[in-house]
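Worksheet: the structure to be examined is printed underneath.
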Amino acid sequence: MKFTLSWLKDHLETDKSLDEILEKLTLIGLEVEEVVNPAESLSNFVIAKIETAEKHPDADKLQVCTVNNGSEKMQVVCGAPNAKVGLLGVFAPVGTYVPGIDFTLTKAKIRGVESMGMMCSESELELSEDHEGIIELGENAADKIGTRYVDYAGLDDPMIEIAITPNRPDCLGVRGIARDLAAAGLGTLKDENLGFTDKGDFKSPTDIKLDIAKDNSHICPAFWGRYVKDVKNVSSPAWLQARLKAIGLRPINTLVDITNYISYDRGRPLHVYDADKLTGTVSARLGNKGEKFTALDGKDYEELEDACLIADEKNVLGLGGIMGGEDSGSVLETTNVLIESAYFDPIHIAMTGRKLNLISDARYRFERGIDPQSVELGVNLATQMILDICGGTASEMIKAGTPPKPEKTLEFDLQRVTKLTGVTLSNKEVTETLTSLGFEVKGKDQTVTVKVPTWRPDIDGTADLVEEVIRIVGLDKVTPTPLPRNFGIARPVLTESQKRVRTAKRVLASRGAVEAITWSFITEDQAKLFGGGEAELKLANPISSDMSDMRPSLLPGLITAAARNIARGTQDPVLMEVGQTYHSDKEDGQHMVASGIRCGTANHAGNGRHWSGNSAPVTVFEAKADAFALLAAFGMEESKVQITTDAPSWYHPGRSGVIRLGPKIVIGTFGELHPETIKKLDIKAPVVGFEINLDAIPEPKKKSRTKGAMEITDLQPLTRDFAFIVDSDVPASKLIKAASGADKKLITEVSLFDLFEGASLGENKKSLAIEVTLQPKAKTLTDEEIEAVADKVIASVKKATGGEIRS
């Protein structure tokens with residue numbers, strides 16, 4: 001939000017200095033971002049008079065002038081076409097920095113003739129884009145020769161820019177800023193100018209109406225205006241142009257400049273139509289499919305369906321609350337105008353602006369929530385300024401709809417300020433502060449009723465009232481108080497979940513994986529491919545069409561990232577990620593998951609080509625090893641979990657598994673990706689991967705602070721081999737688990753070392769050979785004791801799998 005100091009003083013009676021005002025603005029939450037004072041950069045420019053002007057002896061388009069700057073006469077070479085004897089202009093002596101050309105003047109010879117300065121144009125002073133000739137001042141400057149030009153032109157008016165937070169639309173107008181400063185004790189808020197308050201001299205020949213269905217009436221509840229005839233649209237007066245230029249706006253013509261001025265002065269966007277370009281009744285309505293129009297920025301806008309439009313009986317005139325149309329705008333030839341002042345729903349304005357990617361000052365204000373009660377004021381202010389500057393005759397007010405009037409009242413305990421901030425204030429101080437901000441306070445007891453002004457949509461509760469009081473009184477009065485700290489042993493900084501995330505990343509990195517961070521949003525097709533795509537997980541306002549759904553798995557993001565890397569020449573990427581997956585909108589529908597993939601030949605034997613031979617493609621066992629290495633880091637033994645073959649559909653059905661802890665708890669999945677999955681994700685390499693749900697891993701049991709004695713033995717372990725014939729659908733893990741449980745005191749390890757399938761075993765049969773390691777602890781085992789353990793292994797396997805010992 002930009003404004004000048006003199007503009008602020010139109011609303012604030014104050015004798016405070018600029019520095020005091022700037023400091024107070026920041027203290028009350030209106031942070032000052034920039035201050036630009038033209039007087040500082042233009043202080044050396046003075047009013048001067050050309051007393052002689054002769055043709056340059058060596059250049060047709062140059063003149064040699066004698067310039068009187070009030071203290072001395074100097075020779076200046078000038079190329080301006082309007083340079084002439086008697087001209088009063090702006091002179092820059094040697095040593096002056098000229099901002100428009102980014103140059104510091106020096107004594108110079110131009111075509112052999114010495115020049116001691118420069119007569120300047122408006123563009124060279126950055127006052128406008130006019131560079132056709134030097135500045136010509138009126139006769140009223142004749143007695144001002146030698147005077148600083150900034151003093152003569154009233155340019156000693158600093159421009160202030162402040163940052164406005166989205167909850168303070170009331171400060172998008174200079175009057176709102178003045179109100180806050182007055183409440184903070186920097187002066188008195190001047191009486192409000194209400195503009196044209198007469199009834200009007202005739203009935204408007206152009207009518208307006210609301211043509212919006214009742215269920216959408218909130219989009220534009222009020223559309224008011226006034227017809228003004230016989231105006232003379234000219235260039236704006238100097239004071240109005242100066243203010244608009246100071247805040248970075250380009251003056252266009254008086255009618256347009258008035259609406260821009262009121263938008264910044266009161267935070268009330270308006271629009272003025274050339275009434276002679278309108279056909280029939282002007283209405284506010286929703287757009288239809290196929291409609292389009294050309295806006296004031298010269299661009300064509302389509303897809304206007306459901307946008308709030310201002311239209312006559314023939315054409316679309318503008319986007320309500322955002323921007324008017326080029327064809328119906330006011331030009332210098334305009335003689336009859338229709339003033340529009342309406343209220344538009346902030347959310348609908350924001351949605352339309354985003355859809356069309358159209359940004360304007362009007363949209364910026366409407367989508368933050370202007371004062372709905374400023375509809376009438378806006379019409380009256382514009383009417384009065386038009387009559388004052390352009391002349392003409394005003395019609396009666398024309399109205400369609402009623403502006404909303406929020407009736408928000410709060411029961412407020414005045415001592416709540418002290419309770420929440422620690423700053424002791426009397427009831428009178430609190431009441432006076434709120435009143436000065438425009439709140440209406442009723443009641444004389446401890447608890448009062450506070451009516452919120454219509455221009456403050458951000459006030460919802462009593463805590464907001466406390467905030468208003470304390471920011472005006474001064475946040476510097478809040479005494480910093482440290483939080484109490486209990487002495488003792490410090491608690492762990494990281495939660496168990498945070499520790500697991502950190503551990504998972506380190507373990508997977510140690511196994512050669514590179515961390516990737518992918519979007520939490522994926523395409524609808526990818527979401528459905530990996531078991532998602534539910535309606536409740538679709539984004540209401542996606543960043544783009546290929547980021548429409550919350551991800552149900554980390555694998556699609558990792559595989560897509562791997563595909564991009566492979567396409568750019570990376571060989572056999574190994575990627576991992578730890579992040580959230582989303583399965584429903586319920587509280588338990590979000591999981592912290594660790595995932596990884598290996599591509600091509602990225603197995604544990606090495607990557608790609610090698611002198612000893614090419615590495616084999618990745619297999620399900622690499623994915624399984626990664627998954628179980630991760631589980632081991634969390635204290636979970638492989639023997640404590642079960643592996644089932646009912647992996648999700650995106651895995652290869654015969655080369656994948658599900659890691660379970662009991663029949664109901666799924667810890668994770670692993671395996672080779674299904675060929676169809678690889679094809680749909682367009683990756684040119686075989687892929688294996690895994691996912692471990694970190695939230696499903698049981699928390700480790702609390703360890704005793706005293707460690708037990710280490711069990712160590714000097715006895716040598718021994719091994720025995722067994723071969724079992726089992727049904728072909730019996731998983732090896734089931735047999736290994738049965739053998740491990742045959743004698744938990746002596747059996748320390750069981751491993752599979754052979755798989756054989758053949759006709760000699762019988763139909764649907766296979767042979768699994770295992771090695772069982774026995775570790776005696778107290779004494780060397782006898783042959784009878786070893787045979788007893790062997791019998792237990794055979795019996796346990798037979799009971800669990802139906803397997804028979806192979807002879």
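The values are calculated or read from the model by the stated rules, or taken from the named source; none is laboratory data. Small disclaimer: the values here were computed from a predicted structure and weren't measured. Glycine also receives a Cβ, built like all others from the backbone with ideal geometry; neighbour counts cover every protein chain displayed. The protein model used for the area step is the full one, side chains on, heavy atoms only, and it has no ligands, DNA or RNA in it. Shrake-Rupley method; radii C 1.70, N 1.55, O 1.52, S 1.80 Å.
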- In Å and whole numbers, how far do the C-alpha atoms of region 174-230 stretch along each principal axis, longest first? 47, 38, 16
- Message: Using only the alpha-carbon atoms, how far is helix 375-390 inclined from the longest principal axis of the chain? Give it as 0 to 90 degrees, nearest 10.
- Response: 40
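Of the peptides 218-224, 717-723, 474-480, how do they stack up when ordered by the mean number of other Cβ atoms within 10 Å, highest first? Walk me through the numbers before you get to the answer.
Values: 218-224: 21.9, 717-723: 13.7, 474-480: 10.4.
Top to bottom by mean Cβ count within 10 Å: 218-224, 717-723, 474-480.
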- Under a point spin-label approximation (7 Å from Cα along Cα-to-Cβ), what is the residue 503-residue 432 distance to one decimal in nm? 6.3
- Message: Run the helix sum for the chain: -39,500 (n - 2.57) per DSSP H stretch of 4+ residues, divided by residue count, reported at 222 nm to the nearest 500 deg cm²/dmol.
- Response: -7000 deg cm²/dmol
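Give me the tail of P(r) for region 45-105 as a percent: Cα-Cα pairs with distance above 14 Å. Let's see the in-between values first.
Numbers: 1027 of 1830 pairs.
Cα-Cα pairs of region 45-105 separated by over 14 Å account for 56 percent.
Ordered by packing density, taken as the mean number of other Cβ atoms within 10 Å over each peptide's residues, highest first, how do 644-657, 553-566 rank?
Details: 644-657: 17.4, 553-566: 22.2.
Most protected by this proxy first, the peptides run 553-566, 644-657.
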- What ranking do 759-769, 152-162 get when scored by the average of other Cβ atoms within 10 Å per residue, highest first? 152-162, 759-769
- Considering the dipole of region 246-291 built from charges on the beta carbon (Lys and Arg +1, Asp and Glu -1) around the Cα centre, which of 267, 249, 278 is farthest to its positive end? 267
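State to the nearest 20 debye the size of the charge dipole of the chain about its Cα centre, where the only charges are +1 on K and R beta carbons and -1 on D and E beta carbons.
3000
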- Task: Rank 171, 437, 481 by how far each Cα sits towards the positive end of the charge dipole of the chain (+1 on Lys, Arg Cβ; -1 on Asp, Glu Cβ) and give me just the farthest.
- Result: 481
- Could you do me a favour and compute the accessible area per residue for region 679-807, 1.4 Å probe, result in Å²? 67
- Task: Could you give me the radius of gyration and the Dmax of the chain, taking only the C-alpha atoms into account and expressing both in angstrom?
- Result: 40.8, 132
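Below 8 Å between Cα atoms, with a sequence gap of 6+, how large is the relative contact order for region 119-216 in percent?
Details: 31 pairs, mean separation 9.2, N = 98.
The normalised contact order for region 119-216 reaches 9 percent.
Accessible area of region 658-759 with a 1.4 Å probe: how many percent of it is carbon plus sulfur? Walk me through the numbers on the way to the answer.
Numbers: 3650 of 6740 Å².
So the carbon and sulfur contribution to the accessible surface is 54 percent.
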- Query: Between residue 128 and residue 210, what FRET efficiency follows from the Cβ-Cβ distance if R0 is 45 Å, with the result rounded to 0.05?
  - Reply: 0.60
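Would you work out the charge dipole size for region 404-497 about its Cα centre, treating the Cβ of every Lys and Arg as +1 and the Cβ of every Asp and Glu as -1, and quote it to the nearest 20 debye?
Values: 13 positive and 14 negative charges, 34 e Å.
Roughly 160 debye, rounded to the nearest 20.
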- Could you pull out every one of the aspartates and glutamates with an alpha carbon less than 18 Å from that of residue 586, ignoring same-chain neighbours closer than 8 positions? 534, 536, 549, 695
- Heads up, region 314-393 by the C-alpha gyration tensor (a ≥ b ≥ c square roots of eigenvalues; a/c under 1.5 rounded, else a/b over b/c prolate, else oblate) looks oblate
- Which of 37, 90, 76 sits farthest toward the positive end of the charge dipole of region 33-119, with +1 on the Cβ of Lys and Arg and -1 on the Cβ of Asp and Glu? 76
- Item | Principal-axis tilt of helix 462-473 within the chain, Cα atoms, nearest 10 degrees | 50
- What number, in percent, do you get for the relative contact order of region 41-187 if the mean sequence gap of Cα pairs under 8 Å and at least 6 apart is divided by its residue count? 23
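Calculate the all-directions average of the projected area of region 617-714's alpha-carbon convex hull, and give it in nm². Display every interim value, and only then the final one.
Details: hull surface 37.5 nm².
Average projection, Cα convex hull of region 617-714: 9.4 nm².
For a distance above 13 Å, tell me the whole-number percent of Cα pairs in region 558-604 that qualify. Don't skip to the answer; put the middle values down first.
Details: 671 of 1081 pairs.
The share of Cα pairs beyond 13 Å in region 558-604 comes to 62 percent.
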- Note on the structure: Classified through the alpha carbon gyration tensor (a ≥ b ≥ c as square roots of its eigenvalues; rounded if a/c is under 1.5, else prolate when a/b is larger than b/c, else oblate), region 73-121 comes out oblate
- Item | Between 0 and 90°, nearest 10: helix 783-801 axis offset from the chain longest Cα axis | 50
- Message: I'd like the carbon and sulfur percentage of the solvent accessible area for region 103-235, probe radius 1.4 Å, heavy atoms only, ligands and nucleic acids excluded.
- Response: 45
- Task: Anything over 25 Å Cα to Cα? Flag those among 229/299; 684/734; 734/792; 24/428, in the order listed.
- Result: 229/299; 684/734
- Stick to the Cα atoms of region 125-271, pair each with every other, and give me the Kirkwood hydrodynamic radius in Å at one decimal. 19.6
- For region 105-232: accessible area per residue (Å², 1.4 Å): 51
